[in-house]
Structures are given as structure tokens and as C-alpha cells.
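Step one of this worksheet: look at the structure below.
The values are calculated or read from the model by the stated rules, or taken from the named source; none is laboratory data. All values reported here derive from a predicted model rather than from experimental measurement. Here the Cβ is made from the backbone with ideal geometry for all residues, glycine too, and neighbour counts use every protein chain on show. We work out accessible area using only protein heavy atoms, side chains counted, and drop any ligands, DNA or RNA first. Shrake-Rupley method; radii C 1.70, N 1.55, O 1.52, S 1.80 Å.
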Amino acid sequence: MVAPSSLLARRADLSDAKRALLDKLLADAAAPAGALAIPRRAAAVPVPLSFSQQSLWFFHQLDPQSPLYHLPLALRLAGRLDPVALQRALDAIVVRHEIFRTRYVVVDESPRQEVDTPFVVTVRRIDFSTRPLIEHESAVRVLIDEECRRPFNLARDPLLRGLLVQTTASEHTLVLTTHHIAADGWSWVIFFRELVAGYAHASAATAPVPAALPLHYGDFALWQRQRLTGDTLPRELAYWRAQLAGAPLLLELPTDRPRPTIQTFRGAWEKRELSSRLTADLRAFSQSENATLFVTLLAAFNVLLHRCSGQTDLIIGTAVAGRTHVQLEELIGCFVNTLPLRCNLTGDPTFRELVAQVRATSLAALTHQELPFENLVAGLGPPRSPAYPPIVQVMFTLQDERVAPAPLAGLIVTRLATTTDTAKFDLSLMVSDTGAALIAILEYNCDLFDAGTAQRWLGHFETLLAGLVVNPARRVSEAPLLTAAERSHLLQTWNATATDYPRDATIPDLFARQVAQRPGAIAVECGPERVTYQELNDSADALARRLRLLGVGPDVPVALCLERSVPALVALLGILKAGGAYAALDPGYPAERLALMLGELRAPVVLTHTSLVAKLPASAAQVICLDEGEPMDPNP
């Protein structure tokens, strides 16, 4: 089969993901009739979970209260809303898509899908219209957050619920929540399109019968199980095993706190909007390199992580729609899959070279996207740690949001931000393309990173992008990372260490003034030991008197072989009070080096500790052990 000329002409404008999907669809169309068709299942056939569903079901059993895999959608509706029409539109979607009527039960110790009859979608209604306007925004935000986090019971609850908050006669907020086991991001696009059509017909009191779906999600789940029992699984595993051979198990970024021994999912996010000028430059650069915006941004993200971690072998995951068959395009369900994209920065390539590498890697991965990530992990069998997810700890996605939400039968619809305060990965960079600008959102694990770190890395990412697209022939190690303000702070502010001090006073004089001002204050703490200024001064004075009797004075060095301790401070101060100079000898040095240093130093005295005497080579110097308990002052 030959692709229509219009499709071929538009192919160059498609993203890598859509280009690969088009090629896949064309290849499927060229195959013998029914070769890759997904059949409808027989009514009596038990329906297993798909591989991605099984993973999600397993995580839900570990923590049923967690909102980690909730998928909320919040919409502000401006205009006169017909709540009855809205209810009918929602109910029609549930009738059409049996995934929302599916429960996940255990039969013979295995999870299974069971489809119920259609139900009326529960939409909680709250009226804030009588409350002061100033309270609306904060109160609605609290309700949205609570609704997003409210848990599901997968074996009992309907997997679509709603919350409708009325703030004025002409403004409502609609929150719809489902679980990832029933839907994905693409599903919300399908859902909203059907909601628009259903609401319009319900408002006009018309009831067109929508075309029947070619199949349901349960059909896909059964087909997927059967397909991956053939030669598909070993063939795909062979590709990924070769692609990821020798890859690092962990992308070790500099964290603000030590990694917990068990992975946590407390998350937050920071946002940064890139300028329209930079956005235009990125589009122009991508076109000139025959690459997509996705490839350019992913390559730059690799540079950022390389510069932050020092690693040259990186794996970043990305999400693909997973709808590789035309039959699945209009189906709501969990089809999304994770692809691990490996990037190698060994040899310090130019950014242009890196973009070409990432482009080739991404295209190859897209042709092998059919293998579910769960099967990839099981097939590769990497050593597992409860502290971090296997293979992929960092994600990158690019979302096309250049088309505004369609109006809902006269209502102006605005999508609102939602959060469940969770993070599935260490870091997830999500870039939204609004057309005029790119918006970068960095989601991070709160037990690893602080908000300030996320903000700073977003700034570094923007600076990198600006520098890389201007000079793509530059080596990635030379790409600018710091903003002008950060560079000034690092090179000037932090190095402005000059300070004024009394030029006519010695260190012992300055210390004596402090003793006179605060004799009883704590001067030093070392473990449980605490010494005041007066006590430290008295001990140093006693040592200084003893050293002077031994000939220590101007131009006379004293060797100091002590570990960090209070006696070490007493020795330093005592030597200075005696008028001498000190030379520090590290007790960890080899005996040969200590002998060489003592020989060149020709110090008459060595101050040390009894436990360190054996480390000192023989010399003419007098050895004084500060912990022997003998009086410091020979003439008290």
C-alpha cells in the first residue's frame, strides 16, 4: 500500500512519535487482512489485566490510600451551566466506555477485570455562591486538592467521579478524577471531546446514537497477553537487552539530602516559561537539523543532567501513547508506555552531534515500543533496590497544547492545574508547547530535592538552551550553565572575602581581648568536651611558658602531630603565644614522609599525643605528649 501524497507531504512536520506511529499504521495496512487486527472477546472469556494494569494494581495493593496514580482533570466553566445536561453527558460516556464500569477483583489468586452494567456518575455538588468572593479561589483550591487525593477502591468503586463547585451564577469548577488503571493522558482528550458532543446534544434535547466502539479495553488486554506469548516478546527483549547492555543502574544526581533506603513519593513541582524568542530559536534550530522539538529538548536535558551528575552514560525515560493500532485511537484506557532512551556523552560531543545521536536513538526506540515497560524490566532482570525505580529514575515529556479546549456548548472552558503532591520518579521534566512559548515544569521528589534546587535547574536548562542553539558546534562541556547573576554571585560575591582587622595586633592579642570580654563563654566543642575561652587561654598560656623554657621563640618552628581535637587548638595557640611558628604533620602520612619533613624542619620540639608517638620517626626533637597529665607550667 502506498501512502497518500498528502500524508507523505505532511510526514516531515510530524513529531518523531507521530511519524513512527504513521509508519506503523501504514505497515499494518500493508499486512495481510486481519494479521494484526484485535478481535472482540467472547462474552464468557475471563478478562485478565493488561501488563501496565497489573503493575498499577500491584502498586495499589501496597498502598491503597496513595493518590500516586490518580488522574484528575479540573476545568473552570464560565457561562450558564446546565447541570442536568452535564450529568447526562457524563453518563453517556460511561455507557460507551466499559473501562469506567470495570472492577478489579481477585479470582483464583489472580486479578481479573469484571464489567458492570452502566451506572450514574456520582457528581458531588457544592455551592459557594453565597460566600464572599475573596474566599472563592483558596476554598476551591482546597476542594480540588482533596478531591484529587481521595482514594479509590479498585474492587468496588466506580472509576469515574466528579465534583462540581458553583462560585457564582455563571461560574463553576468541575473536577473529574479517575485512576491510571482505567485511563491515560490521551484518554482525557477522547473523554473531553465526547463530553463536548454529549453536553451539546443533551442541552438541545437531542439524543444521537454514537457509533459503537470497535472494541473495548478488555479486548485489548486479552489480545496483548496472547500476542506477547509468541515471538514478539523475545524479539523485542533482544533489542532492548542490546540497547541497555552495561547501562548504569542509577542516575546519581547531587541531592539535597541522602536518598532514603525505601523510595518515597512525596512530590512537588516548579514552573518556568521560556521566552517567545527562545521558543522560536528552538523551533528554527530543530528544523535546520531535521529534528523535532522533542529531540532538541531531550538532548539539552541530557546535557543538563550530565553537567549536574558528571555521568556520561545516561538513561532518561519518556512516555509514548502506546496506541500502535488504529482500533485503539478512540478507546479510553491505559495504553501509555515508558521507553528508556539511552544517551552517551563520552568524548564531549558537540550539541549538533548529540542531537543527531538522540534523534537516531529515539526513532529506533519508537519502532520497538510495543514491549510494555513492566515486561522489559522483568526480562532484563536488573538488580533491584527499594530506594529507586529500576532502569529509569528521570523522565522527560513534551506535550502539545497549542489547541485550546473546545467550548462546552456556550461555556468558556479553562483547564486548571491539579496536583496530588506526589512524584513517581526522582525528576520529571514536562514541557508544554502552547505555540507562543514553551512552559517547563520540573516535578521532583521532595525527600531528595528542595524547591530552590528545582528552580535553579530550570534556570540552568533555559541558559543551556539559549547557548546551545546559538552555537551548536560548541562542545557540551563548554555550553553556558549559569545566568549572568549566578556567575557574578559565584565569582565575585562568594570571593569577596576581604575583611578588615586590627593590623597592629597579633592573633594572641586578639584572642586575649575575646577572653576578657567573654571568659565564661564556650570557645570550642569537640564531641562531649566543651571548653570556655578562659580555660582555653589558661591551658595555652601554660604550654607557651613551657615552650619558651625549651627555646621556642621567633623563627623557631614547632612540629605539631595531632588529630583534630581540643589539645590541637591549645597547641596552636600556645605556640603562637610563645612567639614560635608551627608546622602541621598529618599522622596519616607514611613514616618516610614524616621523617623527611622533620629533617627539613629541624624543630626542637614535637607536640603530639601518646597514641601517635609510635608513628613518629626517631629525631633529635623533644617529644611532648599533651595528654600525659604532667603540669604544663614547670614553674607554677
_Exposed-loop-free span, longest in the chain, where GluC sites (Glu not before Pro) count as exposed if DSSP calls them loop and at most 10 other C-beta atoms lie within 10 Å_ = 110-627
*Rg to Rh for region 425-486: what is it, with Cα atoms only and Rh by Kirkwood?*
1.01
_Coil-residue trypsin sites (Lys or Arg not before Pro) of region 149-191, DSSP, other Cβ within 10 Å capped at 12_ = Arg156
*asked:* Looking only at region 73-187, where both bridge partners belong to it, what percent of the DSSP beta bridges are antiparallel (to the nearest 5)?
replied: 80 percent
*Divide the volume of the convex hull of the Cα atoms of region 33-119 by its number of residues and quote the answer in cubic angstrom per residue.*
185 Å³
*Going by a ≥ b ≥ c, the root eigenvalues of the Cα gyration tensor, does region 517-617 fall in the rounded group (a/c under 1.5), the prolate group (a/b larger than b/c) or the oblate group?*
oblate
*Expressed as a fraction of 2.2 N^0.38 Å, the rule-of-thumb size for a compact globular protein of N residues, what is the C-alpha radius of gyration of region 183-327?*
1.52
*asked:* Please give me the summed charge of the neighbours of Gln226: other residues whose Cβ is under 13 Å from its Cβ, Lys and Arg +1, Asp and Glu -1.
replied: +1
*In square angstrom, rounded to the nearest 10, how much accessible surface does Ser52 have for a 1.4 Å probe?*
20 Å²
*asked:* How big is the dipole moment of the chain about its Cα centre under a simple scheme where the beta carbon of each Lys and Arg is +1, that of each Asp and Glu is -1, and everything else is neutral? Debye, nearest 20, please.
replied: 1360 debye
*When Lys and Arg each count +1 and Asp and Glu each count -1, what net charge do the other residues less than 14 Å away from Phe511, Cβ to Cβ, add up to?*
-1
*Loop chymotrypsin sites (Phe, Trp or Tyr not before Pro), region 50-143, which have at most 15 other Cβ atoms in a 10 Å radius of their Cβ (DSSP)*: Phe119
_Portion, in percent, of the accessible area of region 545-619 that falls on carbon or sulfur, probe 1.4 Å_ = 55 percent
*Roughly how many nanometres apart are two label points built 7 Å out from the Cα toward the Cβ at Arg283 and Ala139?*
4.3 nm
_Expected output is a single nm value to one decimal: the length gained when fully extending between Ser488 and Arg384, i.e. 0.36 nm times separation in residues minus the C-alpha distance. What is it?_
33.1 nm
_DSSP beta bridge pairing in the chain, given as percent antiparallel to the nearest 5_ = 70 percent
*Could you please report the charge total around Ala417, scoring K, R as +1 and D, E as -1 over all other residues with beta-carbon less than 14 angstrom from its beta-carbon?*
-4
*Round to a whole number: what % of the accessible area of region 259-335 belongs to carbon and sulfur, probe 1.4 Å?*
51 percent
*Any idea what the alpha-carbon Rg over 2.2 N^0.38 Å comes to for region 381-509?*
1.65
*Estimated [θ] at 222 nm from DSSP helical runs (n ≥ 4, -39500 (n - 2.57)) normalised by residues in the chain, nearest 500*: -11500 deg cm²/dmol
_With a 1.4 Å probe and all protein chains left in place, how much accessible area per residue does the chain have, in Å²?_
49 Å²
